[in-house]
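For reference, the structure discussed in these notes is given below.
The values are calculated or read from the model by the stated rules, or taken from the named source; none is laboratory data. Please read these numbers as outputs of a predicted model, since none were measured by experiment. Methodologically, a virtual Cβ is constructed for each residue, glycine included, from the backbone with ideal geometry; neighbour enumeration extends over all protein chains shown. Only protein heavy atoms, including side chains, enter the accessible area calculation; ligands, DNA and RNA are left aside. Shrake-Rupley method; radii C 1.70, N 1.55, O 1.52, S 1.80 Å.
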Amino acid sequence: MSTHDGPGTGGTVTGLPVPRGRWTASVRLRRAARSVPAPVRLLLLHGLAGSTSVWRPYDELALDGIEIWEGVLPWGAEGDPGWSVHDDPANHVERALDAVPGGVDAIVVHSFTAGPALEVLARRAAGRGPRAAVVVAPFHRRSPGDFTWDDALYYLGGFHRILEEGLRIGAGDRISPELRAAMAMRVRDRIGPYGWQQFFGAYLRSPDLDVASLRLPVLVVAGTKDFAAPPDDARALAGALPDGRFELFGDCGHFVMAEQPRRFADAVHALLAEAFPGLVPGTAAARAAL
């Protein structure tokens, strides 16, 4: 949840035909691989009210053999709030996956979008990819009994705080705390009750995720200071996955990719080195760290 570069910023935008007047998912090339004939195509998917700019620190650290694509989703900060009234977010994630030329080899997905993305991966047939996934700050519970009324009250009354944190990470000290708080309230109002319901509804459905069908390596990353998505959510998800692994970033919140980009990049590259041996050059150190 953060500020957004906007759907027309840089790169090649691709998508699938959509009904006239509807805003749907698209993808664009963020950074081409460097002098590699068979790159690993990595798709980055932002969260609710999210920002493609949150991936910028990773651009500078990505290995030469990685071709970076980013999804531009309807629930981005400059997307169409109308998506939340009728749309299934998983359908938009699937559209983004199918829009990348040549197919997606691996994904990195953040926050709210993690649930719909994992849904899609669980139902896709073998061979349709991706072959590896990194999930950052997911909202996930193992059992319906893990939810209480206090959870609903926390996320209803404090929803703007999550949005404010995204603005803080995106803008730093360029805006005052007072202005940032006011901007977060405006973003909250733009998302609206239906958008909040999509967020919390996806959270409530997370125990139904068919984890047994996720037959790919999944790295789940969390920050110790994340007040939005509790680190225990990420730990529980990683523990339930057939091939899950968990990494906890100390002194870090909801946006580990922006707060600790070097460690984040190393974690991503270690997973890709395992999933795509020989395709990602320069990863001997990453493999040794596994």
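Identify the single condition in (1) assigned to a loop (DSSP other than H, G, I, E, B); (2) touching a His at 6+ places or on another chain (Cβ under 8 Å) that G253 does not satisfy, given that it satisfies every other one.
Of everything listed in (1) assigned to a loop (DSSP other than H, G, I, E, B); (2) touching a His at 6+ places or on another chain (Cβ under 8 Å), G253 misses just condition (2).
When you scan the stretch 213-261, how many residues do you find that are crowded, with 22+ Cβ neighbours inside 10 Å and of a type in the set (D, E)?
The total comes to 2.
Would you check if V134 is under 20 Å from E67 (Cα atoms), part of a helix (DSSP H, G or I) and under 12 Å from the mean Cα position of the chain (by Cα)?
Here the answer is no, as V134 does not meet what is asked.
Mind counting the residues in the stretch 99-124 that are crowded, with 16+ Cβ neighbours inside 10 Å and more than 27 Å from A270 (Cβ to Cβ)?
Residues that pass the stated criteria total 1.
So, in the stretch 58-82, how many residues would count as being open to solvent by 10 Å² or more (accessible area, probe 1.4 Å), more than 22 Å from H254 (Cβ to Cβ) and touching a residue at least 40 places away in the same chain (Cβ under 8 Å)?
Within the stretch 58-82, residues that are open to solvent by 10 Å² or more (accessible area, probe 1.4 Å), more than 22 Å from H254 (Cβ to Cβ) and touching a residue at least 40 places away in the same chain (Cβ under 8 Å) number 5.
Before we move on, is R190 part of a helix (DSSP H, G or I), more than 30 Å from A238 (Cα to Cα) and either over 22 Å from the mean Cα position of the chain (by Cα) or not hydroxyl-bearing (S, T, Y) (or both)?
Details: part of a helix (DSSP H, G or I): yes; more than 30 Å from A238 (Cα to Cα): yes; either over 22 Å from the mean Cα position of the chain (by Cα) or not hydroxyl-bearing (S, T, Y) (or both): yes.
So R190 passes the test.
Can you pull out the residues in the stretch 265-279 that are out of contact with any strand residue (DSSP E or B) (no Cβ under 9 Å at 6 or more places or on another chain) and either open to solvent by 70 Å² or more (accessible area, probe 1.4 Å) or not in a helix (DSSP H, G or I) (or both)? Break it down stepwise before answering.
Pass one, the stretch 265-279, residues out of contact with any strand residue (DSSP E or B) (no Cβ under 9 Å at 6 or more places or on another chain): 265-266, 273, 277-278.
D266, P277, G278 - these are the residues of the stretch 265-279 that are out of contact with any strand residue (DSSP E or B) (no Cβ under 9 Å at 6 or more places or on another chain) and either open to solvent by 70 Å² or more (accessible area, probe 1.4 Å) or not in a helix (DSSP H, G or I) (or both).
Considering every residue within the stretch 201-223, establish whether at least one is touching a helix residue (DSSP H, G or I) at 6+ places or on another chain (Cβ under 7 Å), assigned to a helix (DSSP H, G or I) and free of Cβ contacts under 8 Å to residues at least 60 places away in the same chain.
Scanning the stretch 201-223, I find no residue that is touching a helix residue (DSSP H, G or I) at 6+ places or on another chain (Cβ under 7 Å), assigned to a helix (DSSP H, G or I) and free of Cβ contacts under 8 Å to residues at least 60 places away in the same chain, so the answer is no.
Please work out which one of (1) among the aliphatic types (A, V, I, L, M); (2) in contact (Cβ under 8 Å) with a residue 12 or more places away in the chain; (3) assigned to a helix (DSSP H, G or I) is the condition A228 fails and give its number.
(3)
Scan the stretch 175-192 and report the pairs whose first residue is without any contact (Cβ under 8 Å) to a residue 12 or more places away in the chain and whose second residue is open to solvent by 40 Å² or more (accessible area, probe 1.4 Å), with Cβ atoms within less than 9 Å and a gap of 6+ or a chain change.
Close Cβ pairs (under 9 Å, with a partner that is open to solvent by 40 Å² or more (accessible area, probe 1.4 Å)) amount to I175/R168; I175/M183; P177/E164; P177/R168.
Consider the stretch 106-131. How many of its residues are assigned to a strand (DSSP E or B) and either among the hydroxyl-bearing types (S, T, Y) or more than 10 Å from the chain's Cα centre (by Cα) (or both)?
Within the stretch 106-131, residues that are assigned to a strand (DSSP E or B) and either among the hydroxyl-bearing types (S, T, Y) or more than 10 Å from the chain's Cα centre (by Cα) (or both) number 1.
Keeping to the stretch 25-57, report how many residues are buried (at least 18 other Cβ atoms within 10 Å of the Cβ) and in contact with a Leu (Cβ under 8 Å, 6 or more places away or on another chain).
13
Just give me the residues in the stretch 125-172 being without any contact (Cβ under 8 Å) to a residue 40 or more places away in the chain, open to solvent by 30 Å² or more (accessible area, probe 1.4 Å) and over 25 Å from I191 (Cβ atoms), in sequence order.
Residues satisfying the conditions are A125, G127, R128, G145.
Answer yes or no as to whether E178 is open to solvent by 40 Å² or more (accessible area, probe 1.4 Å), at pLDDT below 95 and within 27 Å of D150 (Cβ to Cβ).
no
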